[in-house]
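These notes concern the structure reproduced below.
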Amino acid sequence: SDPAFIYYSPNVNVTTIWDLEKGQLEQVLYPYNYEGWVYDQQLFFSPDGRYAMAKVEGNWTAWDTRSGNLVQNKKGHLIFHAVHFDDNGGHALSMLPDGKINYWNLQTGGIEQTNDRFRKTIATAFNPSGEKGLALGENGKLTEWDLQTGEITRQIFISKTFEVAEIQYTPVEDIVIIRSDGQVIL
């Protein structure tokens, strides 16, 4: 259906997607956990409308809008920390408790790369082209790597340590935004 005619309605327990042109319910999106189901921000769609995404309790969750199922990788992980959409679909980065970062394909659920060079990672991001990943460690180490080869391309230390943060590239790829403790660092 044309994304211009799609409407979503967040509820306490589910999100519904409606086709406004037909006036009918298209899909019901169920959370992975009914407890604590709170959006951090608005639900949004991938450019092709294939995925609906929301930040829930600080982590990204996605649904396949065709099936209504939660998107998960082959190991059953449902949560990811950064997302990039392109002409070939979508990719995601997820941080694992042991410090590894998985790079995976949203369409197939396959893990295309596991990078175990990171420890105590607290935030990840994609560069605007989706070719590189960025990881921020709680010690202030910012590491960029090539998502095809796994090789580190840049690494810097910031003079601040972090407990919680979000990172994001600006449209100028050499500038990164770090949000933490109510402050923004460029």
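The values are calculated or read from the model by the stated rules, or taken from the named source; none is laboratory data. Keep in mind that this is a model prediction, so the values were computed, not measured. Note that each Cβ is placed from the backbone with ideal geometry, even for glycine, and that neighbours are counted across all protein chains shown. For accessibility, only protein heavy atoms count, side chains too; no ligands or nucleic acids. Shrake-Rupley method; radii C 1.70, N 1.55, O 1.52, S 1.80 Å.
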Open item on the list: List pairs: first residue in the range 45-56 and modelled with pLDDT of 85 or more and part of a strand (DSSP E or B), second residue of a type in the set (A, V, I, L, M, F, W, C) and open to solvent by 40 Å² or more (accessible area, probe 1.4 Å) anywhere in the structure, Cβ distance under 7 angstrom, at least six positions apart or on different chains.
Closed with: TYR51/PHE45
Task: Near pairs, Cβ below 9 angstrom, 6+ apart or cross-chain, from the range 171-186 (in contact (Cβ under 8 Å) with a residue 24 or more places away in the chain and farther than 18 Å from TRP145 by Cα) to any residue that is of a type in the set (A, V, I, L, M, F, W, C) and open to solvent by less than 50 Å² (accessible area, probe 1.4 Å) - done: ILE185/ILE158; ILE185/ALA165; ILE185/VAL176; ILE185/ILE177; ILE185/ILE178
- [ ] Would you check if there is a residue in the range 57-65 being free of Cβ contacts under 8 Å to residues at least 24 places away in the same chain, open to solvent by 50 Å² or more (accessible area, probe 1.4 Å) and touching a strand residue (DSSP E or B) at 6+ places or on another chain (Cβ under 8 Å)?
- [x] no
- [ ] Please go through the range 119-140 and pick out each residue that is open to solvent by 10 Å² or more (accessible area, probe 1.4 Å) and in contact with a Lys or Arg (Cβ under 8 Å, 6 or more places away or on another chain).
- [x] PHE126, GLU138, ASN139
Task: Among the residues listed as GLY99, GLY137, the single one being closer than 22 Å to PHE157 by Cβ and at pLDDT below 85 - done: GLY99
Task: Matching residues in the range 65-123 - criterion: being under 14 Å from the mean Cα position of the chain (by Cα), among the polar types (S, T, N, Q) and more than 30 Å from ASP19 (Cβ to Cβ) - done: SER94, ASN102
TODO: Taking the residues in the range 143-164 that are buried (at least 18 other Cβ atoms within 10 Å of the Cβ) and not polar (S, T, N, Q) as candidates, determine which candidate is nearest to THR114 (Cα to Cα).
DONE: LEU147
Task: Selection count where residues are within 26 Å of VAL172 (Cα to Cα), open to solvent by 20 Å² or more (accessible area, probe 1.4 Å) and out of contact with any His (no Cβ under 9 Å at 6 or more places or on another chain), scope the range 73-112 - done: 4
Task: Failed condition for ALA123, given (1) out of contact with any His (no Cβ under 8 Å at 6 or more places or on another chain); (2) in contact (Cβ under 8 Å) with a residue 24 or more places away in the chain - done: (1)
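Hey, any hits in the range 103-112 for a residue that's of a type in the set (Gly, Ala, Ser) and modelled with pLDDT under 85?
no
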